[in-house]
Amino acid sequence: MTMKTQTGNYANSFLIGLVLMGALLLPALGQAAGCGATTAILILKELKRADVSGLLSQAAECQAKGQVNLAQNALQNALALAQASGDRRTEALVKNNLASLWILASSKYRAPTEQPDLYLLEGLKIAEELGDKSLESSIRSNLGNLLVGWGNYEDAVWNFKQAVEQADKDRNQGLAARCRIGMATAAAFHGSMSLAADYAGAAEANIAKAENGRDRALLYIKLGDAYSRMMDSAADREQRGVYLAKGGEQYRQSVIEARKAGDEASQAYSIGFLAGLYETEGRYAEALQLSRAALRMAQKHDLYDAMYQWQWLVGRMHNQLGERDRAIDAYKTAVDNLTSIRGDLAIVYGNVNSPTTFRDSVGPIYYELADLLLRKADETQDETARTALLVEARETVEALKGAELSDYFQDDCVNMVNAGAKGIGQMSPTAAIVYIIPLESRLELLVETKSGLKKVTVDVPSRRLMDQALLFRHHVERRTTYFFKGHGEALYAWIIEPIKKILEADGVDTLVFVPDGALRNVPMAALFDGEKYLLEQYAVGVAPGLSLIESQEATSPNSRFLFSGLAAERHGFPGLPAVVQEAELISKSFAPTQLMDGTFLKDDLENTFMRNDYRYVHIASHGQFSGQADSTFVLTYDGFLTLDDLENLIRPSSYRGAPVELLTLSACQTAAGDDKAALGLAGVAIKAGCRAALASLWFVSDQASALMVDEFYRALAKPGATKAKALQHAQTVLRNDPRFRHPRYWAPYIMIGNWL
């Protein structure tokens, strides 16, 4: 079998995602490989024809509406039927369709063992063994799409060429067009613009010969999107203008074809994409008119994925035209629509050619709405109305944080936390929560203290802020230099200095940050004002949002305590001798139940939690928080403990009215340079049903960690102590120790969630 591929992660390069191509990417069974109806009947064999074809039709219909889960379920049922009958060709066809779905959809829709490349390879092997060239070409087309997403453009083009050669022989104009569009996209990303233009021109000729009007409409959209990619890679303004015009031609032709076919669903996409082009050209009034029309059609045909996209476009156009209140209304509707479909959202990220995070893909809707609300607040004289706008902006940011965590964990776990959280003044009169809202042209700080919610604007664009955050994090980990101080001073000047008067007026001694982007990986306690660290001025905590954490006061630290540790070398990880010392030190302040080494087993943990409710849980073992929740783990003696495992162990206690007060993860760390990894840290308390979590951004030496743990729990055991204050004390002890003065040793520890 001939195959050119590489491993990696895929994300689609299309604007909306798979919903646009529902009918093209999940065609009827016979059409999937360029076959006629007679062949389709033959391949069904003992299968009930209506069952398989009906499931495929159902999948295509669901995908066209953005209902990814339903589409996947239908395809998996079809696959089960094919495998049960032993019909290998049908199996290959369905696997090809499933791979198409997964190529364009987030990995949340499939199990870790279900990889699009594996399904395509399996399907390709069957096609080659059967000598079915048409089926092989269909599979290679999808393989080309996958490789484009991986950034392997040369191998992508090779597979496309293999596919298009057979498609031309079969006179399958639709498949030939899709292959050549894929080749044009790959060439554009590779910088070969003349080749990209040649491929696009050939694709246009294929589309014109396609028999089905609806297919022509959707293929013209796809070609228009390819020209958009070419426009992004254009060498100069003149070339960009040429590709812009060509893209516009395709979108306009798509509208014509969709109208001829009487297909309003396709028109919704065609007109919406044309409106987006007009936005690019600065033709805002025309774009608004078209986006409204696209939205009406999308609503009429329940095109859920498109509805929020076109509503968002309507909002942007109202804003460009100076109609802010209308823009705000449109944005609110877009957010509401997005919220209602988020669990089945066909948005993909993680690819070199597309936004890399949920925050980049969907976050702009929330932050653009917050931006509009904050600008309106600046111009509002009535204090009550101004405060209401600030609260609405804060709630918009909190909604994004909740959506982001739900996406990271691939469930709606954040909906289980206290939605009716107390205000900061009720929780702690000496604390302030600081929302860091990085906008394109400025930084907005929302500061809530016992005296209310206030806004401070800082003249620093988000890109500059995040660059400083990355540099600060990079240098603060290195104990041999103090280069971090300059970057820490810059961050202090932008984030802390502008709100100092507010903090001083209300007697604030604890800061709880709601960070964003690269700031989520920054040890805020190490920010520097030129003379002192923030640690020396305030106790510091981190929260995903005030409404996303439990607001009750802390229980007594003398409650049940569970210590679990792994000192031995296991599973390729080195031993942690200081874990034994940690256990001994904790025993001086508490009487913990201990699970050490050979007793630190998943089953023993489960049995232990079933017998007792523990309010304090300390896990001292290797652990890794990565950008993927399913790759985040804590090491046990007999395996790996995932976040789902932690939830299954710990959350039942909260259902019994005895939630874990604090989960401490000693020796764990976030993946270096992984922005999404911080989501795991931010949400671990929520996921596991804990009120708070103590974790570290990077691995710290055994000696420093043992000292920190000892001092933290000693301080926490004192009457009236808060978790944030106890952490501040422990970090201060480390900083005052000549061995650990550098922030590399004391800064990475962060208190997440309820700091009380």
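No lab work stands behind these numbers, since they all come straight from the coordinates. This one's a predicted model, so the numbers in the text were calculated from it and none came from an experiment. Cβ atoms come from the backbone with ideal geometry, glycine included; neighbour counts cover every protein chain shown.
About its Cα centre, the dipole of the chain is roughly 320 debye, where the only charges are +1 on Lys and Arg Cβ and -1 on Asp and Glu Cβ. The fewest-to-most ranking of ARG237, ARG691, ARG741 by surrounding Cβ atoms within 10 Å reads ARG237, ARG741, ARG691. Kirkwood radius and radius of gyration were both taken over the C-alpha atoms of the stretch 242-299, and their ratio Rg/Rh is 0.97.
Put in line by how crowded their Cβ is, counting other Cβ atoms within 10 Å and starting with the fewest, CYS179, CYS668, CYS62 read CYS62, CYS668, CYS179. Using only Cα atoms and rounding to the nearest 10 degrees, what angle (0 to 90) does helix 116-130 make with the longest principal axis of the chain? The angle comes out near 30 degrees. Remark: the stretch 142-150, residue by residue, has Karplus-estimated 3J(HN,Hα) of 5, 4, x, 4, 4, 5, 4, x, 7 Hz, where x stands for each Gly or Pro and the curve is 6.51 cos²θ - 1.76 cosθ + 1.60 at θ = phi - 60°.
Work out the charge dipole of the chain with +1 on the Cβ of Lys and Arg and -1 on the Cβ of Asp and Glu about the Cα centre, then indicate which of LEU143, MET596, ILE328 is farthest towards its positive end. After comparing all options, I get ILE328. Applying Stokes-Einstein at 37 °C and 0.692 mPa s to the Kirkwood radius of the chain, computed over alpha-carbon pairs, gives a translational diffusion coefficient of 117 µm² s⁻¹. Please compute the net charge surrounding PRO577, taking Lys and Arg as +1 and Asp and Glu as -1 over other residues with Cβ under 14 Å from its Cβ. So the surrounding residues net to -4. Near LEU219, once Lys and Arg are set to +1 and Asp and Glu to -1 for all other residues with Cβ below 15 Å from its Cβ, the sum equals +2.
One compactness figure for the stretch 566-626 is 1.18, namely its Cα radius of gyration divided by 2.2 N^0.38 Å. Here the average projected area of the convex hull drawn through the C-alpha atoms of the stretch 87-181 stands at 6.0 nm². Ordered by the number of other Cβ atoms lying within 10 Å of each residue's own Cβ, fewest first, PHE590, PHE600, PHE625 fall into the sequence PHE590, PHE600, PHE625. Less than 5 angstrom separates the built amide H of LEU595 from those of PHE563, SER564, GLY565, all sequence-distant by 5 or more or on a different chain.
Along its three principal directions, the equivalent ellipsoid of the stretch 429-548 from the Cα gyration tensor extends over semi-axes of 22, 16, 13 Å, largest first. When the stretch 429-548 is described by a simple charge dipole with +1 on each Lys and Arg Cβ and -1 on each Asp and Glu Cβ, the residue from ALA505, THR430, ASN521 located farthest towards its positive end is ASN521. Under 5 Å between amide hydrogens, built in the peptide plane, is the criterion, and for ARG560 it picks out ARG615 among residues at least 5 positions away or on other chains. Angle, helix 193-209 long axis vs. longest principal axis of the chain, Cα atoms, 0 to 90°, nearest 10? The angle comes out near 50 degrees. Using the Kirkwood radius built from alpha carbon pairs, what does the Stokes-Einstein equation give as D for the stretch 154-260 at 37 °C and 0.692 mPa s, in µm² per second? For these conditions, the coefficient is 242 µm²/s.
Entry note, the chain: the mean residue ellipticity at 222 nm calculated from DSSP H runs of n ≥ 4, each adding -39500 (n - 2.57), is -18500 deg cm²/dmol after division by the residues and rounding to the nearest 500.
The angle separating the long axis of helix 484-495 from the principal Cα axis of greatest extent in the chain is about 80 degrees. Within the straight-line cut-off of under 18 Å between alpha carbons, the aspartates and glutamates reachable from LYS65 are ASP215, ASP263, GLU264, ASP302, ASP305, ASP336, ASP344, sequence neighbours fewer than 8 places apart in one chain being disregarded. The convex hull drawn around the Cα atoms of the stretch 561-753, when projected onto a plane and averaged over every direction, covers 10.1 nm². Here the Karplus curve 6.51 cos²θ - 1.76 cosθ + 1.60, taken at θ = phi - 60°, turns the phi angles of the stretch 596-608 into couplings of 10, 6, x, 9, 8, 10, 4, 5, 5, 4, 4, 5, 5 Hz, with x standing for Gly and Pro.
Cβ under 12 Å from SER138's Cβ, SER138 left aside: what net charge do those residues give with Lys, Arg +1 and Asp, Glu -1? Residues close to SER138 contribute a combined charge of +2. Report, in listed order, any pair from LYS450/LYS500; LYS222/LYS300; LYS450/LYS501; LYS687/LYS718; LYS455/LYS501 with a Cα-Cα distance greater than 18 Å. Beyond 18 Å: LYS222/LYS300; LYS687/LYS718. Considering only beta bridges that DSSP places wholly inside the chain, some 45 percent are antiparallel. Counted over the stretch 561-753, the DSSP beta bridges are approximately 40% antiparallel.
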